[in-house]
Amino acid sequence: MAVKIASVEKGSPAAKARIKAGDTLLSINGRDIEDVLDYRFYMPDTKLKLMIERDGKRKTARVRKAEFEEIGLEFDTYLMDKQRSCRNNCIFCFIDQLPQGMRESLYFKDDDSRLSFLFGNYITLTNLTEHEISRIIEMHISPINISVHTTNPELRCKMMNNRFAGDCLNILRRFVEAGLTIQCQLVLVPGYNDGEELQRSLDDLAAYAPQVRSVAAVPVGLTKYRDGLIPIRPFTKEEARDVIRRMIEAGDKMLAQVGSRVFYPSDEWFIRAEMPIPDSEFYEEYPQLENGVGMIALLREGFREELAAWEGTPDTARTVLASGTAAAPFIRELIAEAAAKLPTLSAEVVAIENDFFGENITVSGLVTGGDLIRQLKSVPMDRLLIPANMLRQEGDCFLDDVTVAEVARELGVVVEIIPETDGATLFAALVNADETKGEDSHG
């Protein structure tokens, strides 16, 4: 497969080698280039021989550069190829639970191994060809993030509605045998892959440690848009406690055997179970933050460290921090601690009920701009702090396409964006607006 070059950076090694926009890149040092993985893997060398096709004729371009220096080529897409969509029809798929009328990109289900390596996306293994499996092993791509859900092959086929989903677990074994580092997630559905089925998955994955570096269990997310889908209910408090017990017991065994806990329940389990969130030491190096594992502990740790060291006078502007309903009680505790030490601090947490997706959705990352505006309209404030995960990657709008600027205008306040897991930044924003304003402030 050849890749068309969209542009060449002026003054770059590629430009000096007289490569032009519109040329087709065929190979680097004799290795065919199919996509961004091939390109990134073969480009670090200081001496490169690029096979180029121009006007139907092939030519060799010799490039000299510093090690890891960019060649200077740009392509139409970052992947240099089309993004690959998911072949499964999982009973718990969140995208199937989205309402109509949202932006088109939100309905795309990706299952692309290249995005796993480049951006930490999770893949199911059902979309890999033998060529791609061999390439991942040859390139020793790691870590690779895998949505396992269950190690029971028959149950995996049932939950993912894909008759090949069980056989694909053999790919996980091959990656382990090749020495790749793997991170796994288990989306748990009550009555399906919890209880004894969860125990089976934990026991099976424990045998793959330390190549399997971490495993996160998260509860299924359920919106109010499930008409026509298989009925699924939320976990009860007792069921959440059972998940926590099994995960912690499995983690204790791994800690003794390989020196790492490996198995981690997400924060949401502790909230559902009405149990305290563990201290930061429990989460070691926070390997599964993207799955909501240890976010509250990390936030708490950073906030308290800053509070202990603070010797100034806080800003007295009326500040509101908007949060999902799950994290709100924990953030209120932190602000109460700050207020006890800094009596002039004027700050409160407002838990945003998720009217858009439904009451079962409690995380900050799925709060919409419309819900923010409606629920904060009558709340007196001068400043509004929101966690960055409420916004899409570009940082400009919410899931309902309401922009940060629109929220600021409708509420008549300055809006500041705070990394949700960054307790130090949150504390700085609370006590002194000027320290955190800038390109992330809107008003």
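A short reminder: the numbers here are calculations on the coordinates, not readings from a lab. Bear in mind the structure is a predicted one, so any value in this text is a computation, not a measurement. Note: ideal-geometry Cβ built from the backbone for every residue, glycine included; neighbour counts use all protein chains shown.
Here are some notes:
- Percentage, to the nearest whole number, of Cα pairs in the chain over 39 Å apart: 32
- Charge-dipole axis of the stretch 216-255 as Lys and Arg at +1 and Asp and Glu at -1 on Cβ define it, positive-most pick from 228, 255, 218: 228
- Contour minus Cα-Cα distance for residue 200 and residue 24 (0.36 nm per residue): 58.4 nm
- Rounded FRET efficiency, nearest 0.05, which uses the C-beta distance separating residue 78 from residue 403 and R0 of 25 Å: 0.55
- Point-charge dipole on Cβ atoms (K/R +1, D/E -1) for the stretch 243-308, about Cα centre, debye to 20: 320
- Two-site label geometry, residue 95 and residue 54: point separation in nm, points 7 Å out along Cα→Cβ: 4.0
- As an equivalent ellipsoid, the stretch 1-81 spans semi-axes of 16, 14, 13 angstrom, where each value is the square root of five times an eigenvalue of the C-alpha gyration tensor, largest first.
- Interchain or long-range residues, amide H under 5 Å from residue 418's placed H: 386, 388
- Spherically averaged projected area of the stretch 98-231 from its Cα convex hull (nm²): 8.8
- A convex hull fitted to the Cα coordinates of the stretch 124-184 yields 67 cubic angstrom per residue.
- Cβ-based charge dipole, the chain, positive-most Cα from 68, 207, 328: 68
- Cross-link table 20/49; 4/59; 109/237; 59/82, entries beyond 20 Å C-alpha to C-alpha: 109/237; 59/82
- Check: the stretch 118-190 dipole with +1 on Lys, Arg Cβ and -1 on Asp, Glu Cβ, in debye: 180
- Given charges at Cβ of Lys, Arg, Asp, Glu: the stretch 102-197 dipole, positive-most of 126, 157, 190: 126
- Taking Cα centre as origin and charging only the Cβ of basic (Lys, Arg, +1) and acidic (Asp, Glu, -1) residues, the dipole magnitude of the stretch 327-379 rounds to 180 debye.
- Size descriptor, Kirkwood hydrodynamic radius, that averages inverse alpha-carbon separations across the stretch 235-303, Å: 12.2
- P(r) tail, the stretch 294-354: Cα-Cα pairs separated by more than 18 Å, 36% of all pairs.
- Descending principal axes extents, the stretch 166-324, alpha-carbon based, whole Å: 60, 44, 25
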